[in-house]
Structure formats: structure tokens, C-alpha cells
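Right, one structure below, let's go through it.
Each reported figure results from applying straightforward, stated rules to the coordinates on display, with no laboratory input. Being a predicted model, the structure only gives us computed values, none of them experimental. Cβ: placed from backbone, ideal geometry, glycine included. Neighbour counts: every protein chain shown.
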Amino acid sequence: MAKIVGLAGDEAVAYAVKQCNVDVVAAYPITPQTIIVELFSRYVHDGEVNSEYICVESEHSAMSACVGSSLTGARVFTATASQGLALMHEMLYIASGLRCPIVMAVANRTLSAPINIHGDHSDMMGSRDCGWIQIYVENAQEAYDWTIQAFKIAEDMDILLPVSVNLDGFILSHSLEGVKTLEDEEVMRFLPPRKSVYSIDPEKPITVGALCLTDYYFEFKRQQEEAMRNVSRIVKKVNEEYEALTGEEYGILETFEIEDADVGILCLGSTAGTARQVARKLREQGKKVGVVKLWLYRPFPTEEIVAAIENLKALVVLDRACSFGAPYGALCSDTVSALHQFDKKLNISNMVYGLGGRDITPSNVESMFNEALEIAKTGVVKEPIKFVGVRE
Amino acid sequence: MVKLQELPTEEMFAPGHRMCAGCGAAIICRMTLKAIRGPTIVVSATGCAEVATTIYPYTSWRTSWVHIAFENAAAVAAGIEAAYKAIARKGAWDKQVDIIALAGDGGTFDIGIQALSGALERGHDFLYICYDNEAYMNTGIQRSGATPHGAATTTSPAGTKIPGKPEWKKDLAAICIAHGIEYVATASPAYWNDYITKVRKGIEVNGPAVIHVLSPCPLGWRHNSEDSIKLARLAVQTRYFPIYEIEKGKYKLNIRVYKPLPVEEFIKAQGRFSHLFKPEFAKEVEAIQHRIDENWSRILQLCGES
């Protein structure tokens, strides 16, 4: 029986992790501070979970300890954000390269300098090629639901890759919402203890992390990419099982009024809520607008996204991180590449917004839609990349 | 101390690895695994002992062995230890697991000191062994925090103005014991039974233990391959590398050196110190000797033998 409780995004994640029967949480609670691990340590100290909590001395050691734990066959979780994720960078590649199904919540916040503690996607985008499955959520409910599903996706034998569940810093991490939670037994049924094939069981000695030079390294990386290609299929399977349990419908992406739309906005995370609200209003005015929100950002769902946007006359892609010197922001570059792969052409305007936690208002979004409608009418993209809400 | 006939004949560190002839670290790896008491996981930091013993698809390790990165052997060991604790509590594991972290001086004194300090403070049950060849030998003999004063490396060359490394070596044992852990020891592979006994003791300690073992490196120290053990002994007999242990806070001198040889006996066989024998740098050798004498008195005092 589901019950609805008031939880902030961070609390929703911590509560999900508690129900997922994790063996080890290794985390550093700072750079910047993460409530998720504070809450989890409370569960440990109150005897509500049977897990080991290693309060390490840095995020680098957090991910190092997570990799060590994961290699034993344990179920492992950590959480971080911003500078902490940047400090982990080296270890992110090792976690995926050694095929460790670690789940990590990232309460996305910007990167220094100048130092700033507020939300944007600079942290995870800085590590977007690290071989992790990357999920972005829109609200606390999704944070809860995806955290539980993330373990099942990561630990699937066809995948064995780490997953990051990204929730917008402050906007989601610190905002209280009603979250429909599952009973512990329901989560346990959905997510049985992890089964592991290759573990560092000292009684069956194996060597992990050997030196692979020009003769083998490439094959390892090719296999890792192959595992990434299995992700879409497994995500869909896990979503179906989760829906059967909860009635919550998930997928690779979520659309709003996109089928007959002339123009659309494509975005990640909590901004989708604002975009949808504005789209609803514009629809009432007879403007044919829609929204596409990606849940799965890595692997990039090329086929699904092209199918969702190919009939639009214009698209605004929102990036909440700056790819300095690049032709587009990360999400837009990926979208353009996806269209190119399917030989589709679409008028696209890339809008970079919300850096360092700058608010994105419904009126900002309304102007974006109007601009897209103008592009659809004229067929001319005046500015391929724009910075929205900045003084210049 | 362990006797030769008590050592297992089984070689858990298999031959065929690519370590250099005369490499101290290879000898140390072999001796280390002579001391294990049962199922063991070795966590190796990036370094000579890692790259030369596990070139895929080969391995020299008949224990489970893990390498993750350079600076985090202690953090990885902590993760493994915690995982076994958790899965044992849940009834999925019911055996003893011993965890040994193995790292060079670069991975310990410099880039790995933070992870080591954190793991010691948290009290994980593992043995950390630093095999100290006194520079980044794997990558081409660069200076580390363990490189001795006066030694020439590729980043502290024997210049005409600055003769090798100007700074002095960190005191690793003191840093470790400052964490209040139960067991810290120094060792030399020339005194094999002392070393193997200490490894076993470190494994048996319930909590973290650290062994700092000197590891002669023919390539970096620039000495003949066949002289490695001789140098490992001279390091002790010149009091350059005192051998002692600290058990529950109590210092004990394990190898007494009543008639020390002058430090020249240790350094003259090594190319890394050859520039110190030029007349203009004669004072450097005196300074090294002075430091050795001071350090020895300090350790004797700590051991209650002064």
C-alpha cells in the first residue's frame, strides 16, 4: 500500500536508498553539503538499516571506497554534487570501467569559479562521458521512483554499469513535496539482493584492475559501449515492472502535447514542470506547442528523441550548463547529432539558462516558445545559441 | 620471530612477473604473501608492483587482487572491509577476510596520504604496507616526499648549484602512529624474518596497521642488481633506516646497531648519491650523517634504550 509523505528531494532519495537494502554507503557530506547522506547516517545510527556507512574524508575516497565495496558483490550507494563530483571525476571512469553497478544521487549544482552553491547541470555535464548511465528527474516523486529503479537497471547482468540519478540542487533537493512511497516489502520484492558473477571473493581469487595496454584496452572499452547499448531495453523492462507495482509510468523520455505540436522545448530536470505549465497556457491560446523531457540522458536515446521531435517546425533545446567554446550546449549538440544520424533537419535554437541557480520564470519560457513559433513561421534561426536571463 | 622452516613452501606470488632483476618490491611481495593466514585480498596502488605483476591477461597474484588507482589504496581497502562487514551481518558471508593494501612511497607519502589518514582514523581492519623505494621509480625516478636529502632524481637532479633533493624525508611511522593506531612498524627485506613476522602481526591486529618497508631499486638508486639485499642491510647497519615497531603505543627497537657503519658505506654504492662525493658537496654527506645520528638518538629514546 502506497502512502503519501512529505519529503524534500534529498529526503526522498535517502528514503528510497533505505528501502533498497544497500550494503555500503560511502560518502563525504560536503563540497557542497548533501543532506542525503546526513539522513542516511541517521538511519544507520538509529538501527533502521543494516548497512555500513563509511564517512570518508573526500569524494575521491568516497567513490574509491564505493568501487572497492561494489567489487565484493555488495549493493553500494553514494551521493554528491558540484565540486564533490568534480573531485570524483577520475574515479567515475574507473567505476564504469570495472563495471561496478553503483548508484549515486547527484543534487546538481554549479561549479566554481566563482564559487556558488546553487543549482545548474555543470557538474554532471562535466562528467557526461564518464560511462555512467545518467538519469534526470523532475520532482521528488521521480527522485524516489528512479532511485529504486536505478539499482535494478545498474545491477542487470546485461548492463553492470553505474547510474547517476540527477536532481536539481535546491529546486528539488531542498523543496518539500508529497511523495507516494512504497512499503519496504514491496521494494524488496521489486529489488531482491544483488546477484554478482565476478566478485573478489578471496576464496576464489581473481585479479581486478590489471594493466591493459594496446593489445586489450580497446576491447574492454568496446564491451563497455556495448553494455551502454543495452540500457534502453533494460530501462524499459524495469519501467514496466515498476509500473506494475506502483502504477507510475516511466520511460526514456516524457512528452507533453508534442504529437501535433509545431514547436517544442526539450529539457532536463525540474524546468520541464515550468515548460509544461506554460505550454498548457499557450495551448489554451491556440498555439501548438509541446514539451519533451528526457529522463535518460546517457545513453542518449537517439531513436526515441528523433521520433518525438522530427515533425516539429522548430525546437528550443535548453541547456543548464555552458560548454565553453562549443557550437552548442551539451544537450543541444547531442540532439543535433541524433537528427543528423537519421538524416533529419530541424530548425533549432539552443538556449543556455539558469547558470549558478538563476531562476527560470514562466515568462522566460513563454518568450522561448514565442521565439520558436517565430522561427517556425520564418524558417530563420537568428541566433543558434542564446543565453537567457543574463545581463549582457 | 618466524623461522625459515615455518614458512609455507607454497608461492602465492607467482614467478614470471616483469619486475626488474634485484627489485626490492618483488621480494617484498613474495615475503608478504608468506605471512598471510587465510583468505586475503590485496589492494594495490598504481606503481611498479601493480604494472609489472598484472599485465593482462596474466597475473602473479594467487590471492584476490585489486587495483583501482594511484592515491586510494587505503580508501579501496576501507570499502572492501566495510562491504564484508555488511554482507557478513546480513548472513551472506561467514569467513575471515584479511585485507592488505600495498602502495609505493609516492602512493603513500604524497598523493595517497589523505586516503591513508582517513582510513587509519576510521579504524578499518586492514594492513597497509608501504614499499618505499624513495622516489617515483615506475614513472622514471621522480622525487617524492620519501626521497632522501641529497639524492638525485629526474626532478631533483644533481645540479651544479643544487646537489639533488634539498628537503628531508617525511617520517611516515610518526605520521601513522599519530592516528593512535595499534601497530606501526618499519622493516627491511634484508631482515626477512623480522619483516614476515611483522606482516603477520599487522594482519592479526584488529584494526588498522601500517608497515613501512625499505625497497631498494637498482634502476632508481643506480646500484647493481645483485646488491639490493646488501643495500637493504647496509641501510640498517648505517642506522639510515632504523628498524622498530610501535605496538599499542610502546616503541621497541627490533634491530640494534651497536657499531654503526658510516653512512658513506650505504650511499657510495648508489649512483643517486655519487655527486655528493665531489669536494664541493662534502658538507652534504656530513649533514646526512648528522641527521642519521639525531634520528637514531630520538628513536632510542622513544624505545627506552637511550
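Across region A:256-388, C-alpha contacts under 8 Å between residues 6 or more apart give a mean separation that, scaled by the residue count, equals a relative contact order of 29 percent.
Expressed as an acute angle from 0 to 90° and rounded to the nearest 10, what is the orientation of the C-alpha long axis of helix B:24-34 relative to the principal long axis of chain B? For helix B:24-34, the angle is close to 30 degrees. In region A:3-246, inverting the average of 1/r over every pair of distinct C-alpha atoms gives 17.9 Å as the Kirkwood radius. Placing +1 on the Cβ of every Lys and Arg and -1 on the Cβ of every Asp and Glu, with nothing else charged, gives the protein assembly as shown a dipole about its Cα centre of roughly 1820 debye.
Take the Cα of B:GLU10, go 7 Å toward its beta carbon, and the backbone nitrogen atoms of region B:58-74 under 11 Å from that spot belong to B:62-63.
Where does helix B:192-204 land angle-wise versus the long Cα axis of chain B, in degrees 0 to 90, nearest 10? So the helix axis and the longest Cα principal axis differ by about 40 degrees. Sorted fewest first by neighbouring Cβ atoms within 10 angstrom, B:TRP65, B:TRP192 come out as B:TRP192, B:TRP65.
Find, among the GluC sites (Glu not before Pro) in region B:1-90, those assigned to loop by DSSP (not H, G, I, E, B) with at most 14 other beta-carbon atoms within 10 angstrom.
Of the GluC sites (Glu not before Pro), the ones in loops of region B:1-90 whose Cβ has at most 14 other Cβ atoms within 10 Å are B:GLU10, B:GLU11.
Once the Cβ-Cβ distance of A:PHE220 and A:PHE342 is raised to the sixth power relative to R0 = 30 Å, the FRET efficiency obtained is 0.50.
Cβ crowding within 10 Å, taken as a proxy for footprinting-reagent exposure, orders B:LYS259, A:LYS386 from fewest neighbours to most as B:LYS259, A:LYS386. Between A:ILE30 and B:GLU294, the modelled labels are 3.4 nm apart [label points 7 Å from Cα along Cα→Cβ]. Loop-located trypsin sites (Lys or Arg not before Pro) in region A:184-258 (DSSP state not H, G, I, E or B) with no more than 10 neighbouring Cβ atoms inside 10 Å: A:LYS195. Once the trypsin sites (Lys or Arg not before Pro) in DSSP loops with at most 12 neighbouring Cβ atoms within 10 Å are cut out of chain B, the longest remaining piece is B:162-247.
Neighbours of A:GLN19, meaning other residues whose beta-carbon lies under 10 angstrom from its beta-carbon, give a summed charge of -3 when Lys and Arg score +1 and Asp and Glu score -1.
Across peptide B:51-61, the average count of Cβ atoms from other chains found within 10 Å of a residue's Cβ is 4.
Using just its DSSP H runs of length 4 or more, each adding -39500 (n - 2.57), chain B gives a mean residue ellipticity at 222 nm of -9500 deg cm²/dmol after division by all residues.
Annotation: the residues B:LEU33, A:LEU176, A:LEU253, sorted from fewest to most other C-beta atoms within 10 Å of their own C-beta, follow the order A:LEU176, A:LEU253, B:LEU33.
Rounded to the nearest angstrom and listed largest first, the equivalent-ellipsoid semi-axes of region A:307-392 from its Cα gyration tensor are 21, 16, 11.
Model label sites at B:ASN193 and A:ARG283, defined 7 Å from Cα along the beta-carbon direction, differ in position by 8.6 nm. Please report the spacing between the Cα centers of region A:30-47 and region A:66-133 in Å, no decimals. Result: 17 Å between the Cα centres.
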